[in-house]
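This structure is in structure tokens; I'll ask about it shortly.
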Amino acid sequence: MFHPVRMRRKLCGESDILLVATNSKEPVFDHGAIEAGLHVNSMGRPSELAPAVYRRAALTVVGDKQQELNLDLSRGFTQPLLELKAEPGFWPGVLELGDLVCGRGGRKDREEITVFRESQGGWGDVAFCNWILQKARKLGLGREVSF
């Protein structure tokens, strides 16, 4: 029988990259399921990741800081990054994707947990993920999981 919590823990524990794209108004997995070296990529509602996911990350990258800071919360979801803004030292350590691409910061150790939060709604991520999926299928890499 399918058990979502157990399945999420199993997938988090066996993956190098976890892509999250949901319309959930609450976190979709237990932050305790994240293991060293995992990269979490979030492109759904901001509320799909718990604040604890960002706290555990050695590196948090967003598409656009101003977009994250000015998010309209009237649609009934939370914004964990705004909650963390009040924590000393957290927000200054968040990079924008452009900074990372230009070599201004980044991952220092492959065992670090990293998070990328797509600030623009994720349409580019959807296209990128589809490209990755097609390449992986062509090369016979990975494992597809059916729910």
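Read-outs: derived from the displayed coordinates by stated rules, not from any lab. Fair warning: this is a prediction, and the values are worked out from it, not measured in the lab. Please note: Cβ atoms are built from the backbone with ideal geometry, for glycine as well, and neighbour counts cover all protein chains shown.
With θ set to phi - 60° and the Karplus curve 6.51 cos²θ - 1.76 cosθ + 1.60, what are the ³J(HN,Hα) couplings of the range 88-96 in order, to the nearest whole Hz, using x for Gly and Pro?
Values per residue, Gly and Pro as x: x, x, 6, 4, x, x, 6, 9, 8 Hz.
Counting Lys and Arg as +1 and Asp and Glu as -1, what is the net charge of the other residues whose Cβ lies under 10 Å from the Cβ of Phe90?
Charge balance near Phe90 sits at 0.
List residues of the range 15-31, by number, whose backbone nitrogen lies under 20 Å from a label position 7 Å along Cα→C-beta of Ala86.
Residues 26-27 fall inside that zone.
Also, I was wondering about something else. When Lys and Arg each count +1 and Asp and Glu each count -1, what net charge do the other residues less than 13 Å away from Gln67, Cβ to Cβ, add up to?
-3
Pop out the ³J(HN,Hα) list for the range 47-54 in order, Karplus 6.51 cos²θ - 1.76 cosθ + 1.60 with θ = phi - 60°, rounded to Hz; leave Gly and Pro as x.
6, 6, 10, 6, x, 4, 5, 5
Most exposed first by the Cβ proxy, i.e. fewest other Cβ within 10 Å, how do Glu14, Glu118, Glu68, Glu144 rank?
Taking fewest neighbouring Cβ atoms as first place, the list is Glu144, Glu14, Glu68, Glu118.
Related question: Could you work out how much longer the chain between Arg137 and Leu100 gets when fully extended? Use 0.36 nm per residue separation minus the Cα distance between them, nm to one decimal.
Separation in residues times 0.36 nm, less the Cα-Cα distance, equals 10.5 nm.
To continue, here is another question. Taking the Cβ-Cβ separation of Glu14 and Arg55 as r and a Förster radius of 30 Å, what is the calculated FRET efficiency to the nearest 0.05?
Calculated value: 0.85.
Which lysines have a Cα less than 29 Å from the Cα of Lys25, not counting those fewer than 8 places away in the same chain?
List returned: Lys10, Lys65, Lys85.
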